[in-house]
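Asks: Could you have a look at this structure, given as structure tokens, before my questions?
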Amino acid sequence: MSPSRLFLTCVALAAAGCASAPRSLSSTTSAPNARPAEPVRLTLVGTNDFHGWLMPHDTTLRSGLVLEEGGAAAFAGYLARLRADNPGGVLLVDAGDLFQGTLASNLTEGASVIDVYNQLGYAAAALGNHEFDYGPVGPKAVPGPGEDAFGAITARIQQARFPLLTANVFDGDSGKPPAWLGNDGTRLVTLQGVKVGLVGLTTPSTARIGNPAQLGSLRFGDMRPATLEAVQRLRAQGAEVLVGIAHAGGKCADLSNPHDTSSCDRSDGEIYGLVESLPPGTLDAVFAGHTHQAMGHFFNGVPVLSTQGQGRSFGVLELFVDPVSHAVLPERTRLQAAIPVCVRVEEQSGSCDARKLKDLGADAKLVPPTFLGGPVVPDPEVEAVVAPALARVEEEQRRPLGFTVASPLGRNYEAESALGDVITDAMREMEKADVALVNSGGLRANMKAGPMTYGDLYAVLPFDNTVAIVTLSADELRRLLTAAYGASTSMFQVSGLKVTLARCAGPQRFRDATLPDGRPLDAKRMYRVVLPDFLARGAGGLGVVLSQVPPERIDLGAGRELTLREALAAWWKSRGTPVTAPATGRISYVDDGGPCAARPASERPERP
């Protein structure tokens, strides 16, 4: 039987050599006439963009059946099968964004996630852009005078039994890795006698999309030179296999053939842009993240894996190392991207994908999944670690907010959306402002219909932003819109204006803005613009304009008692009528698009 079992996609040039058993490099010597030692099998397992999803994602079908996808305890069951299949040969890594997005994570500033990751046995994780979101220790996300902007992440690093790695983030004053990181962005581990070097990387776009108040003087450097220098250090320490864990990603629509990259979006491919720029042999494999896109492809011969995140799936990569030369045998490499994590599966299909099973009848049978020839059993020890966090969360999630939503409101990352229209309208009306702006990346879930609970609204707006007001002239407002729509493909949701754009993303995408009735902006008056303080502090590409605005015209909402999420809930409750979607059409285009040119790495899209 193949050591990688039949679940893996074999990408070897010949299948005849697939039946080797794992060996340690320390036991490879043999007599002259003895059979040559078999290659050493390493099983690398990767996750990314977990965002605090300790619990499964529940979907209730029309038939009443409940499907559960993801969850830390279920994932631990899959890990147990992998570790039984290759004892001592499994390495578990994460490509960043462990935190932010669920109450389970945010109520403890990520401590509950680290507890679970410690239990699962991670070897390392990349530092993601959302690892900075909690700011100082305590309820405030933005540091006050004398507070440490990195207090919360420092506490999590000290709590973790694994390092958080980034080789391209530096202290702006010293030019060295931040002291709170506790490492140089690398780790050397020994697996089955093989020395494996790990290199962590963080998307440089963090400097643009992150909250400047939470990033301090950090400098986010180019990933290519940082990778080359990190690999050189690891090689000097004896590393034989080099693996990147990068919070940077891409987007490939077709996973059927790992050697066919024709479906990969070249305008949104930070990670394969990096891999293709490196000299051959620099990295043997990469686990990626940030874009929340499943990926399992070879770029310049290097396997790159990523999942859609939120604990829904994981990737597996098997590398084989020659016991004599200690080199990776690329023709033996096997990978599988985005293996689903299921609590139970439909008996006939073996799936828990609600999209595929939406028409499943009430008489369908759900059974435990099987993996690598055996049943997947949720880990009771992980369940015990998760339980206290979930108990606290469930109580808060059930709290009613006192208003209802008439019909589901969908979000859209790259276009105007009903959810974006509703939220920006509410912001503008409750603040009696002229204009409202929200970045689509800040809207994390669709809004369901019916009575709203705190958990429902939190899923949509998990960030503890405050309401900020910026007062701008007509010219400054136009320049702000130019920066907003030109910085990325992410669509800024807007209220109080009609905006005209070019279809293709680029610095000059913004073309015009008028008042809702078509009248032009008045050059003689000032406009009050309401937006999350995250943006008012210069994130989302707005810093280039707002840095030129006098401070007295920027109100960051420091004195407000309510977050944006809480303020919206109070506003909708006070109205006493169901929340309904307005007519769309406030964003229009001057052209019908057509092929869009690939953008340089420095201009690639913002991601949440």
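Computed from the coordinates by the stated procedures, all read-outs in this text should not be read as laboratory data. Since the model is a prediction, treat every value here as computed from it, not as a measurement. We place every Cβ from the backbone using ideal geometry, glycine too, and count neighbours over all the protein chains shown.
Asks: Return the aspartates and glutamates within reach of Lys140: Cα separation strictly under 18 angstrom, same-chain partners fewer than 8 residues apart disregarded; answer none if there are no such residues.
Replies: Excluding near neighbours in sequence, the set is Glu109, Glu131, Asp148, Asp464, Asp533, Asp555, Glu561, Glu566.
Asks: Quick one: compute the contact order of segment 400-593, relative version, from alpha carbon pairs under 8 angstrom and 6+ residues apart, as a percent.
Replies: Computed over segment 400-593, the figure is 33 percent.
Asks: Now, a different point. Quick check on the chain: of the DSSP beta bridges with both residues there, what percent are antiparallel, nearest 5%?
Replies: About 70 percent, rounded to the nearest 5.
Asks: Now for a separate question. From the helices alone, meaning DSSP H stretches of at least four residues, give me the mean residue ellipticity at 222 nm for the chain, per-run term -39500 (n - 2.57), in deg cm²/dmol to the nearest 500.
Replies: Rounded to the nearest 500, the figure is -6500 deg cm²/dmol.
Asks: In this model, which of Lys358/Lys448; Lys432/Lys524; Lys251/Lys358 are farther than 22 Å apart at the alpha-carbon?
Replies: In this structure, Lys251/Lys358 lie more than 22 Å apart at Cα.
Asks: Would you mind putting 402-410, 466-474 in packing order, based on average other-beta-carbon counts within 10 Å, highest first?
Replies: Descending packing order for the listed peptides: 466-474, 402-410.
Asks: While we're looking at this one, here's another question. Hey, could you pull the Cα Rg and Dmax for the chain, both in Å?
Replies: Cα radius of gyration and Dmax of the chain are 24.9, 92 Å respectively.
Asks: Just need the Rg to Rh number for segment 172-321, please, alpha carbons only, Kirkwood Rh.
Replies: 0.97
Asks: Helix 223-236: angle to the longest alpha-carbon principal axis of the chain, degrees 0 to 90, nearest 10?
Replies: 30 degrees
Asks: Hey, another quick one. Compute the acute angle (0 to 90°) between the alpha-carbon long axis of helix 72-85 and the principal axis of greatest extent of the alpha-carbon atoms of the chain; round to the nearest 10°.
Replies: Helix 72-85 and the main axis of the chain meet at about 20 degrees.
Asks: Compute the separation of the alpha-carbon centres of segment 384-434 and segment 230-246 and state it in Å as a whole number.
Replies: 44 Å
Asks: Please work out the C-alpha center-to-center distance from segment 520-585 to segment 274-344 and express it in whole Å.
Replies: Value for the Cα centre distance between the two parts: 41 Å.
Asks: If you average the sequence gap of Cα pairs under 8 Å that are 6 or more apart and divide by the length of the chain, what percent do you get for the contact order?
Replies: 15 percent
Asks: Sorted by mean Cβ packing within 10 Å, highest first, what order do the peptides 371-381, 336-346, 124-134, 70-80 take?
Replies: For the peptides 371-381, 336-346, 124-134, 70-80, the packing ranking is 124-134, 70-80, 336-346, 371-381.
Asks: Enter the per residue convex hull volume of segment 33-107, computed from alpha-carbon coordinates, in Å³ rounded to the nearest integer.
Replies: 133 Å³
Asks: Going by amide H atoms built from the backbone, whose H comes under 5 Å of the H on Phe371, apart from near neighbours?
Replies: Those lying under 5 Å, H to H, from Phe371 are Val376.
Asks: Here's another thing I want to ask about it. When only Cα pairs under 8 Å and 6 or more residues apart are kept, what is the percent relative contact order across segment 60-147?
Replies: Here the relative contact order equals 25 percent.
Asks: Need one number for segment 167-226: average projected area of the convex hull over its C-alpha atoms, nm².
Replies: Result: a mean projected hull area of 4.8 nm².
Asks: Once each part is reduced to its C-alpha centroid, what is the distance from segment 89-139 to segment 35-81 in angstrom?
Replies: With segment 89-139 and segment 35-81 each reduced to a Cα centre, they are spaced 17 Å.
Asks: Could you state the angle between the C-alpha long axis of helix 418-431 and the longest principal axis of the C-alpha atoms of the chain, as a value from 0 to 90 degrees rounded to the nearest 10?
Replies: 40 degrees
Asks: Pop out the ³J(HN,Hα) list for segment 249-263 in order, Karplus 6.51 cos²θ - 1.76 cosθ + 1.60 with θ = phi - 60°, rounded to Hz; leave Gly and Pro as x.
Replies: For segment 249-263, the Karplus-derived couplings read x, x, 8, 10, 6, 10, 9, 6, 10, x, 8, 9, 9, 5, 8 Hz, x marking Gly and Pro.
Asks: Using just the Cα positions, wrap segment 400-593 in a convex hull and report its mean projected area in square nanometres, one decimal place.
Replies: 10.4 nm²
Asks: Below 12 angstrom from the Cβ of Ala123, what's the summed charge of the other residues (Lys, Arg +1; Asp, Glu -1)?
Replies: +1
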